[in-house]
Each structure stands twice: as structure tokens, then as C-alpha cells.
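The values are calculated or read from the model by the stated rules, or taken from the named source; none is laboratory data. Only a predicted model underlies this, so the values are computations on that prediction, with no experimental measurement involved. We place every Cβ from the backbone using ideal geometry, glycine too, and count neighbours over all the protein chains shown.
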Amino acid sequence: MASIGIIDHGFANIRSLCNALQYVGFETIIISTRADFDYHKIQGFVLPGVGSFQPAMRSLRDKNLDHVIYDLVERGIKGMGICLGMQMLAKASGEDSYVETGLEIFPGFVERINSKTLPVPNISWMETYTTTDLDCNCSSLHHDLNGTFYYVHSYAYKAEKQDSSVVAKYLYGDQEITAAFYKENILGLQFHPEKSQSSGLTLLKNYFS
């Protein structure tokens, strides 16, 4: 049975994610320090996150888990960032006035959703759609990102002009909001696949299989 490493920086609901991954057939290994695991024993990893950007990034760095993520990326191990975990993969966030840098694996910034007619945070199920043909080793990803998923967020990733990583969006009023980005074996999801019932479980299973 394949094992998926879960990065535990202290700002995430680890239990629900573990339950979802185990339900679709994976073992899970909680990674709380650099010494917690053997790189050769995991097939993929997840960086989850709920809460605020700055304390989450500081906790990640205090535990040296940022270096774990860089090592995993360098080794080409398939990864996924979820919600705040996705935002932590970016350069920085407007949530703390861009003071705390992110992991800078993706080149864009995180900005507050600007809506005068709809509530912020967005807490809802949203129809999500791909925006580009995906050229990657995940043959089902293009199909699996088209569906209805559960979102809870006030901030979202905004791509820079030359950033082609955004692969899925959803419509919030008259705005297109980034739902997912992908490059080089790393997928970021603004929604919670572990809370998105069959659509989310299918995505988790197919992405890491």
C-alpha cells in the first residue's frame, strides 16, 4: 500500500485529511520534523493548512519543515497543497501585508478576494473548471478538476503575467478565482478535496495513484 506524507506544521486539520486518504486506499505518515520519515517510503506528500498565513509559515520554518518540502520537491516526489497550504507555496500573502515570505515554489502572490456583492470569506460549494490543457503525468487531472468542490477562504492566489501554472478557476460573482495551480509534480488546491465528497476523494485517489 502506497504511503502519503502529511506535513504537520500545526495549522491544519490532519485527521480529516488522513481519514480521506486512508478511505481511498493510502497509508499516511505524519511528518512533524525532518527526522520523522524516510524519503524512500512515501509516494507523495500533502501540505494542508487552515488559519492565517503568517503564523503558519513561521511554525513551518520553526520546525524546519520548509526544508523537508524543498527536499521532496527536488526529489520529484508528487505533492499537493490544500487551502492555506496551497497559498504557502506562493511568494507571499496580503493577509500579513506581504511581510512573511512563502515557500516561493510558485511565482504569484496571495490576495484578498475583492467582492462587494458576495460574502468574504467564501464558504460554499463552487463549480470548478479547468482553464488549460494539462501536460503532465497525471492523465486524469484535467477531468478530475472539473466538478463541484468545497471552499472556505478569504484569500486566493493571483498569478503574475508570465505565470502559466493556474490550471483551474471558479466564478465568484463576476470574478474568476484561482482554484488550482500545477507545475512539476506539485498541485495546489484552494478547495478542500477531503471535504468535497466523491469529487474530492476521486481527485485524491487518482492524483497519487
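Yes/no matrix, rows are residues, columns are (1) without any contact (Cβ under 8 Å) to a residue 40 or more places away in the chain; (2) assigned to a loop (DSSP other than H, G, I, E, B); (3) more than 13 Å from the chain's Cα centre (by Cα):
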{"position": "I4", "(1), (2), (3)": "no, no, yes"}
{"position": "L21", "(1), (2), (3)": "no, no, yes"}
{"position": "I30", "(1), (2), (3)": "yes, no, yes"}
{"position": "A35", "(1), (2), (3)": "yes, yes, yes"}
{"position": "G51", "(1), (2), (3)": "no, yes, yes"}
{"position": "V73", "(1), (2), (3)": "no, no, yes"}
## Note on the structure
Condition set over 17 Å from the mean Cα position of the chain (by Cα) and touching a residue at least 60 places away in the same chain (Cβ under 8 Å), scope the range 103-124, selection surrounded by the fewest Cβ atoms within 10 Å (Cβ to Cβ): answer is N114
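Is it true that T131 is modelled with pLDDT of 95 or more and β-branched (V, I, T)? Working first, answer last.
Details: modelled with pLDDT of 95 or more: no; β-branched (V, I, T): yes.
So T131 fails the test.
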### Query
Does L65 meet the test of being at pLDDT below 95, in contact with a His (Cβ under 8 Å, 6 or more places away or on another chain) and among the aliphatic types (A, V, I, L, M)?
no
#### Entry: Residues that are free of Cβ contacts under 8 Å to residues at least 12 places away in the same chain and surrounded by 14 or more Cβ atoms within 10 Å (Cβ to Cβ), drawn from the range 86-102
Y98
### Message
Considering only the range 160-170, I want to know if a residue exists there that is farther than 20 Å from F53 by Cα and aromatic (F, W, Y).
### Response
yes
